[in-house]
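First comes the structure, then the notes that go with it.
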Amino acid sequence: MSSAIQQIAILGSTGSIGQNSLEVIRQLPDRFRVSYLTANRNIELLHKQIEMFHPRGVVILHRENASAVKQAAGGTVEVLTGEEGLMEIVRRDDVDTVISALVGFAGLKPTIEAIKHRKKIALANKETLVVAGEIITALVKQHEAPLIPVDSEHSAIFQCLVGERHSHTAKLILTASGGPFLHTPERDFHRITVEQALSHPNWKMGNKITIDSATLMNKGLEVIEAHWLFHLPADNIEVVIHPQSIIHSMVEFVDGSVKAQLGLPDMKIPIQYALTYPERVYLNGGRVNFPKLQSMTFFAPDTEKFRCLQLAFDALREGGTMPAVMNAANEVAVDAFLRKAISFQHISELIDRAMSHHHSRSQPVLEEIIDADRKTRTFIESVVRTL
Ligand code: NDP
């Protein structure tokens, strides 16, 4: 291993990825040190994390919570606030690696800032690549910032591609569990409750991604993310339903050979790999027991029933600002569903509506993406009020 300790900022430390990241860091104290932690509202958990990891500073999004955090930290920790606080910490010299684990569009600007300051990025926030893939890939190249995927599917593909040439890659095969409604007939979708949608069969994750997994929008976002990470067109990216979630994704090569990465569904594995790459380090946890597993099954996704997946392929093919519009409509719709303001099947309908309403701009600059995001949110929020 390299001798220096990696100093890490976790954007979204109170979230599901954030907490798993801290668990990985806790087990490898001779390799990693936490420099900064950030939270949106969950002050209680942030306090506990401060006590356990003694970061140099924390960011709390809302200014009104700053004094409570300062008081609990007892003056030993710098407390910053707002988006500016997020942008500030990723620039600092006492940060080598940024774990980008905010949820949604909020992750975009701090991730860009971290890339511009040549930090190593462990990227969980898939929305960043979905909305601004072209800009991000250009910045990564320009600033030579290593960007390692944390999403389990992309980590799997990344691992399969180690030692391979791009010209030898024929197809990326993303696996999907199918979510809790894999066998639910479409005619029953209007009856799906928030509680049912939040109970994912294999993974324990934040609320937004859990709903995205239930609609298969998560897989759609991942298709777009894969396109930007691995530079293959939509026609060379396939989604396969694999309910056991043991194969995390595969790569088919030009000679017909297929490589897969397997493991138990535990996000600590791809998080640790992103932090230690190109090394592998022992990770305490379960192991795949093949005789117990007995069989693995695969089938094609039903894109008529799970419209969100088709809409994501459409957005990727259209390009420009369309993926940002799709993403914004999805974020507003998922939030409305979680508030019980709309039904489950409204989610794909709203995204479809936002995309039909939008004239995509090709090769957008960041301001055009932010503008498309903002306008779509306003539009879909107004539609939600009428439902
Ligand atoms: P969570 O909802 O569990 O956590 C999100 C984190 O971001 C929390 O720390 C939250 O703070 C903070 N946050 C939320 N909104 C804002 C905001 N507007 N500004 C600043 N901070 C904010 O999400 P997950 O950990 O599940 O997911 C994070 C990202 O990783 C997503 O992009 C997701 O798609 C991706 N991902 C997640 C996986 C998983 O297993 N969970 C797997 C693969 C990818 P607070 O807690 O205070 O609200």
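Given I369, I342, which one is buried (at least 23 other Cβ atoms within 10 Å of the Cβ) and not hydroxyl-bearing (S, T, Y)?
I369
Residues of the stretch 273-290 that are part of a helix (DSSP H, G or I) and either closer than 24 Å to S177 by Cα or open to solvent by 40 Å² or more (accessible area, probe 1.4 Å) (or both): Y273, A274, F290. Restricting attention to the stretch 35-50 and to residues that are under 17 Å from V98 (Cα atoms) and out of contact with any Ser or Thr (no Cβ under 8 Å at 6 or more places or on another chain), the residue that is farthest from the ligand (Cβ to nearest atom) turns out to be S35.
Consider the stretch 178-211 and keep the residues that are open to solvent by less than 20 Å² (accessible area, probe 1.4 Å) and in a loop (DSSP other than H, G, I, E, B). The one that is nearest to L338 (Cα to Cα) is I192.
Can we say P270 is surrounded by 18 or more Cβ atoms within 10 Å (Cβ to Cβ) and away from the ligand (no atom under 16 Å from the Cβ)? So P270 does not fit the description; no.
With respect to K340, determine if the residue is over 28 Å from I148 (Cα atoms) and outside any helix (DSSP H, G or I). Walk me through it before giving the result.
Values: over 28 Å from I148 (Cα atoms): yes; outside any helix (DSSP H, G or I): yes.
Criteria met by K340.
Residues that are farther than 26 Å from E368 by Cα: list the helices (runs of 4 or more DSSP H) wholly contained in the stretch 58-118 that include at least 1 such residues.
On the way: elements: 66-73, 82-91, 108-116.
It comes to 66-73.
The set of residues in the stretch 62-108 being in contact with a Leu (Cβ under 8 Å, 6 or more places away or on another chain) and open to solvent by 70 Å² or more (accessible area, probe 1.4 Å) consists of E83 alone. Can you find a residue in the stretch 145-153 that is in a helix (DSSP H, G or I) and under 22 Å from the mean Cα position of the chain (by Cα)? Yes.
Of everything in the stretch 8-30, what is away from the ligand (no atom under 16 Å from the Cβ) and open to solvent by 40 Å² or more (accessible area, probe 1.4 Å)? Give them in sequence order.
At the first step, the residues of the stretch 8-30 found to be away from the ligand (no atom under 16 Å from the Cβ) are 26-30.
R26, Q27, P29, D30 - these are the residues of the stretch 8-30 that are away from the ligand (no atom under 16 Å from the Cβ) and open to solvent by 40 Å² or more (accessible area, probe 1.4 Å).
The values are calculated or read from the model by the stated rules, or taken from the named source; none is laboratory data. These numbers were taken from a predicted model, which means no experiment stands behind them. Every residue, glycine as well, gets a Cβ built from its backbone with ideal geometry; the counts of neighbours run over all protein chains shown. SASA here: full protein model, heavy atoms, side chains in, ligands and nucleic acids out. Shrake-Rupley method; radii C 1.70, N 1.55, O 1.52, S 1.80 Å.
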